[in-house]
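Engineer: Handing you this structure, nothing more for now.
Please treat every number below as a calculation from the coordinates, not as lab data. Because the structure is predicted, anything quoted here is derived from the model rather than measured. A quick note on method: Cβ atoms are made from the backbone with ideal geometry, for glycine too, and the neighbour counts reach across all protein chains shown.
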Amino acid sequence: MRKSYLKFSFPHITQVEINAVVRTLKSGWLTSGEQARLFEEKMAAYTQARHAVAVSSGTAALFLSLLVEGVQPGDEVITTPFTFISTANVIHHLGAKPVFVDIEEDTYNIDPERIKQAISLKTRALLPVHYSGQPCDLRRIMAIARRHKLRVVEDAAHALGAEYSGKKVGGLGNLTCFSMFPTKNITTGEGGVITLNNSHKAQRLRRLRLHGMSKDGWKRYKKEGSWYYEIHEAGYKYNLSDINASLGVVQLGKIDALNDRRTRLARTYQRKLAGIPGIKTLALQPGMKSSWHIFPIYVDADVLGIDRNRLVKELYLRNIGTSVHFIPCHLQPFYQDRYGYRGGDFPVTEKVYSGIVSLPLFPGMVQNDINDVVAAIKDSIP
Ligand SMILES: Cc1ncc(COP(=O)(O)O)c(C=O)c1O
């Protein structure tokens, strides 16, 4: 059995990142400044979007994006129940209703056919999530949005570096929200970025992330700055500090290498798990490049002889960490009490949830770690 505990995720931080953060700490400028601007420039260049706006979290990115796309109290926003709770929370916080629709059984992404059925006169926007880093069927989703005059905001928290028909997620024309939470493909500690092509919306996002101040508000303590500012719209405190951004600048320089590593590890998992009846891995669809943020497997308890909860426990006893992505939003008590959702509303999501478990996946893992995970799975089967 494996001697040390294999964490489910571990950030890839080297001396280069540490040096960059220390340089910022010594620079005398800690909040949003040159490093945040540089990080934005590099994010825009990487995703081939015209603008990138750095914020304090992926959640803040989603919230501001929906706001800028005009989501208001009384509106409906269509999204997947198979996501992290912040995707639904931001819709609620804007006073709109999260309208969940079920997922596809093979990709676990939102099902475009079901989106069509959920559109009402109140629908304002679609909020698809690129689950695990495999892009949603954006062409179909965009076509639906155009036909019904809806806005699209992409939750790309998992999908930095993912590609759809050869184009990077983030550069496809919608407001696209990335997360730099520590488990993500790159991290800023905490942080998020919105990429987009519309200059007017980018400017508004920049104001809204810092109280609604004019875009140079942060410069007011510098020699060229001025103490004077005006507020024309009440904003939020969602800016990204230079401490966080300097970490992101270094991490972003490594994104392709980090994602290649994730991809190689994912392929090894796929190969080694292929022979185990009762375990299904996520299949990649044609034209998609996944960023492999997570490696979920689906456990068919009837075939494997052990269910997901038991497998999680057995793996833990064998020093293997795991996680579950995700507890469906509509099963959370708040969403049931507030919006009337019930168990049974989204059968595909609930079936997938009952068997899903994410195995350890991070760039610092070696092939032997994969061997340990696979051996532990085999050993757990009765
Ligand atoms: C699908 C999804 N959306 C949104 C978020 C929110 O990102 P953050 O934690 O940076 O606010 C996360 C992750 O944490 C996520 O997994």
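Engineer: How big is the chain on each of its three principal axes, counting only the C-alpha atoms and giving the largest first in Å?
Structural biologist: So the three principal-axis extents are 70, 53, 38 Å.
Engineer: Grab the beta carbon distance between residue 120 and residue 19, set R0 = 41 Å, and tell me the FRET efficiency rounded to 0.05. Mind showing how you got there, number by number?
Structural biologist: Working: r = 53 Å, r/R0 = 1.29.
FRET efficiency, residue 120 to residue 19: 0.20.
Engineer: If N is the number of residues in segment 256-380, what value comes out of its Cα radius of gyration divided by 2.2 N^0.38 Å?
Structural biologist: Numbers: Rg = 15.9 Å, N = 125, 2.2 N^0.38 = 13.8 Å.
In units of the 2.2 N^0.38 Å rule of thumb, it is 1.15.
Engineer: Shifting gears a bit: Using only Cα atoms, tell me the angle between helix 15-27 and the longest principal axis of the chain; keep it within 0 to 90° and round to the nearest 10.
Structural biologist: 20
Engineer: Sticking with this one: Residue 31 to residue 285: extension gain in nm, 0.36 nm per residue of separation minus the Cα-Cα distance? Present the calculation step by step, with values, prior to reporting the outcome.
Structural biologist: Values: separation 254, 0.36 × 254 = 91.44 nm, distance 4.14 nm.
Stretched out fully, the residue 31 to residue 285 stretch lengthens by 87.3 nm.
Engineer: Here's a follow-up. Rounded to whole Hz and in sequence order, give me ³J(HN,Hα) for segment 282-289 from the Karplus expression 6.51 cos²θ - 1.76 cosθ + 1.60, θ = phi - 60°, writing x for Gly and Pro.
Structural biologist: 6, 8, 7, 8, x, x, 10, 10
Engineer: Could you give the dipole magnitude of segment 256-380 about its Cα centre, charging the beta-carbon of Lys and Arg +1 and that of Asp and Glu -1, in debye to the nearest 20?
Structural biologist: Around 260 debye, computed over segment 256-380.
Engineer: When ranked by the protection proxy of mean other Cβ atoms within 10 Å per residue, highest first, what sequence do the peptides 230-241, 33-44 form?
Structural biologist: Order by mean packing, descending: 33-44, 230-241.
Engineer: Let me ask another. Beyond 27 Å between alpha-carbons counts as too far, so tell me which of 42/237; 122/184; 7/42 fall in that bin. Walk me through the numbers before you get to the answer.
Structural biologist: On the way: 42/237 23 Å; 122/184 34 Å; 7/42 30 Å.
Exceeds cut-off: 122/184; 7/42.
Engineer: Okay, helix-only estimate at 222 nm for the chain: each DSSP H run of n ≥ 4 adds -39500 (n - 2.57), divide by all residues, round to 500 deg cm²/dmol; what do you get?
Structural biologist: Taken over the chain, the calculation gives -11500 deg cm²/dmol.
Engineer: Order these by the 10 Å Cβ neighbour count, fewest first: 155, 379.
Structural biologist: Listed from fewest to most nearby Cβ atoms, that is 379, 155.
Engineer: Over the chain, calculate the relative contact order: mean separation of alpha carbon pairs under 8 Å at least 6 apart, over the residue count, as a percent.
Structural biologist: Working: 805 pairs, mean separation 90.1, N = 382.
Contact order relative to length: 24 percent.
Engineer: List every residue whose amide H lies under 5 Å from the amide H of residue 359, counting only residues 5 or more places away in sequence or on a different chain, with H placed 1.01 Å from N in the peptide plane.
Structural biologist: Close amide H contacts, sequence-distant or interchain: 295, 297.
Engineer: If you average over every viewing direction, what projected area does the convex hull of the Cα atoms of segment 32-77 give, in nm²? Kindly include the intermediate steps, with their values, before the conclusion.
Structural biologist: Working: hull surface 16.1 nm².
Value for segment 32-77: 4.0 nm².
Engineer: Would you mind ranking 177, 136, 329 by Cβ crowding within 10 Å, fewest neighbours first? Intermediate values should be presented prior to the final figure.
Structural biologist: Working: 177 33, 136 29, 329 26.
Neighbour counts put them in this order, fewest first: 329, 136, 177.
Engineer: Name the trypsin sites (Lys or Arg not before Pro) in segment 111-191 that are in a loop by DSSP and that have at most 16 other C-beta atoms within 10 Å, would you?
Structural biologist: Details: sites: 114, 116, 122, 124, 139, 140, 146, 147, 149, 151, 167, 168, 184; in loops: 122, 149, 184.
Answer in residue order: 122, 149.
Engineer: May I ask you to evaluate 6.51 cos²θ - 1.76 cosθ + 1.60, the Karplus curve with θ = phi - 60°, for each residue of segment 110-117 and list the ³J(HN,Hα) values in order in whole Hz, giving x for glycine and proline?
Structural biologist: Once θ is set to phi - 60°, the couplings for segment 110-117 become 4, 8, x, 4, 6, 4, 3, 5 Hz.
Engineer: Further question: Where nothing but the Cβ of Lys and Arg (+1) and of Asp and Glu (-1) is charged, how large is the charge dipole of the chain around its Cα centre, in debye to the nearest 20? If you can, show how the numbers build up before the last one.
Structural biologist: Working: 50 positive and 35 negative charges, 170 e Å.
It comes to approximately 820 debye.
Engineer: Can you give me the long-range amide H partners of residue 320? Hydrogens built in the peptide plane at 1.01 Å from N, cutoff under 5 Å, separation of 5 or more residues or another chain.
Structural biologist: HN-HN under 5 Å from residue 320: 6.
Engineer: So what are the ³J(HN,Hα) numbers for segment 131-143, from phi and the Karplus equation (6.51, -1.76, 1.60; θ = phi - 60°), rounded to whole Hz, Gly and Pro as x?
Structural biologist: Rounded to whole hertz, the list is 4, 6, x, 8, x, 5, 6, 5, 4, 5, 5, 5, 5.
Engineer: Let me ask you something else. Lys and Arg at +1, Asp and Glu at -1: add these up for the other residues within a Cβ distance under 14 Å of residue 91 and post the number. Present the calculation step by step, with values, prior to reporting the outcome.
Structural biologist: Values: positive: 97, 122, 124, 151, 338; negative: 69, 75, 76, 155.
Local net charge: +1.
Engineer: Taking the DSSP beta bridges in segment 15-254 as the whole, what percent of them are antiparallel, to the nearest 5? The partial results should precede the final answer.
Structural biologist: Numbers: 14 of 28 bridges.
That works out to approximately 50 percent antiparallel.
Engineer: Could you tell me which residue out of 28, 108, 319 lies farthest along the dipole of the chain toward its positive end? Charges go on the beta carbon: Lys and Arg +1, Asp and Glu -1, centred on the Cα centre.
Structural biologist: So the residue we want is 28.
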